[in-house]
Amino acid sequence: MIELKRLNAFVTVVEAGSITRAAELLFIQQPPLTRLLQGLEQEFGVPLLQRLPRGVIPTEAGEVLLQEARAVLARAAQLSAAMHRAAQGEQGRVRIGFTSSAALHTFVPALLRRYREIYPAVSTQLEESGSGELLASVVAGELDVAFVRMRVKDMPELEMEKVLEEPMWVAVPAGHKLASRTSARPLKLEELSNEPFVLYRRRAGQGLYDAILAAYVRAGFSPHIVQEAPRLTSCLSLVGAGLGISIVPESMTRLGGDGVVFLPLDAATQLSAPLYLARREDSHSSAIINTFCALVKSQLTVQ
């Protein structure tokens, strides 16, 4: 193995054209530098420098070593810079999970776009799934962070912070009697008491699932659930097919959808859809995760 400092010394000697001048540039004495050069020649088994009355020039073998040494030193410098960027959270990879409704909220796409602008050397690996699956992936170390809809208390390995909260809307089939209502008044939950209800499975969206059922309990009745779907997007497809109505985060209204009409829900229902950012408790040693979470906080202040 040729040490980088020996390659650097050789390049310095050739570029200076003088062992004496190179020793000054390298801040070493001339005899140690001469021995270093002789050691290189012995190691390669060929002369690398031609001694002249006033300096030195590389031999043909020395010219080859000069080009290769410059390339190796340049790569080493790039490697050092890359390690520094990684230590600052400016290079590497971050694995981000999000629910389908989180991806539809304007905040998340804008955040990812801004992150790529600021940290172009960081590759982003994105994964969409339900909140439960995402949190399990963060705990298992398969994801670095995740935007989810529920806060959990039985996972002490996780650190969760609320990012935002958005209102819930009612999704009804286009031919439903509520779809043609002319009043701009938000719907009260009591007006939906006899409606067939399409809900996403609790395993996929435990936070919103429980919040909706709790709101119905506060209103004094239970929803008539006729179908459960694996995802919020599937719920909208079932609503569009006329199977029933559903309650979804406001961001889902951006999907539109054939045969679906969205109506605002009365704030008195106390029903909203929070969005949390989850990371592992022991992830604070990761510069990349720290810079990502810091950007999330900074973007919230400019909204």
Evaluate the distance, in nm, between pseudo-label points positioned 7 Å from the Cα of Val72 and of Arg201 along their respective Cα→Cβ axes. 5.8
How would Met83, Met168, Met160, Met155 rank on accessible area, largest to smallest, probe 1.4 Å? Met83, Met155, Met160, Met168
Can you compute the label reach from Ser80? Point 7 Å from Cα along the Cβ direction, backbone N cut-off under 15 Å, restricted to the stretch 24-42. 26-27
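Please work out the average accessible area per residue across the stretch 168-303, using the 1.4 Å probe convention, and give it in Å².
Working: 6300 Å² over 136 residues.
Ligands and nucleic acids excluded, the figure is 46 Å² per residue.
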At a probe size of 1.4 Å, how large is the accessible area of Lys297, to the nearest 10 Å²? 110
Over all directions, the average projected area of the alpha-carbon convex hull for the stretch 111-174 comes to how many nm²? 6.8
Taking the alpha-carbon distance from Lys177 and a cut-off under 28 Å, which lysines remain once sequence neighbours fewer than 8 residues away in the same chain are dropped? Lys188
Ala287 versus Thr59, label points 7 Å from Cα toward the beta carbon: distance in nm? 4.3
Over the Cα atoms of the chain, Rg to Rh with Kirkwood Rh, two decimal places? 1.33
Going by Cα centres, the stretch 8-40 and the stretch 176-201 are how many Å apart? 84
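Can you give the Kirkwood hydrodynamic radius for the stretch 1-106, in Å, rounded to one decimal and based on Cα pairs?
In the stretch 1-106 this quantity evaluates to 16.5 Å.
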Averaging over all projection directions, find the projected area of the Cα convex hull of the stretch 67-187 and quote it in nm² with one decimal place. 12.5
Distances longer than 18 Å among the Cα atoms of the stretch 83-134: what percent of all pairs is that? 38
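Which of rounded, prolate or oblate describes the stretch 240-303 when judged by the alpha-carbon gyration tensor and an a/c cut-off of 1.5?
Because a/c hits 1.5 or more and a/b exceeds b/c, the stretch 240-303 counts as prolate.
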Checking the cross-link filter: which lysines have an alpha carbon closer than 26 Å to that of Lys297, excluding same-chain neighbours under 8 positions apart? Lys153, Lys162
Glu142-Glu191 pseudo-label distance in nm [points 7 Å out on the Cα-to-Cβ vector]: 4.2
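The values are calculated or read from the model by the stated rules, or taken from the named source; none is laboratory data. Because the structure is a prediction, the values reported are computed rather than measured. For neighbour counting, all protein chains shown are included, and Cβ atoms are generated from backbone atoms with ideal geometry for every residue, glycine included. Heads up: the accessible areas ignore ligands, DNA and RNA and are worked out on the full protein's heavy atoms, side chains in. Shrake-Rupley method; radii C 1.70, N 1.55, O 1.52, S 1.80 Å.
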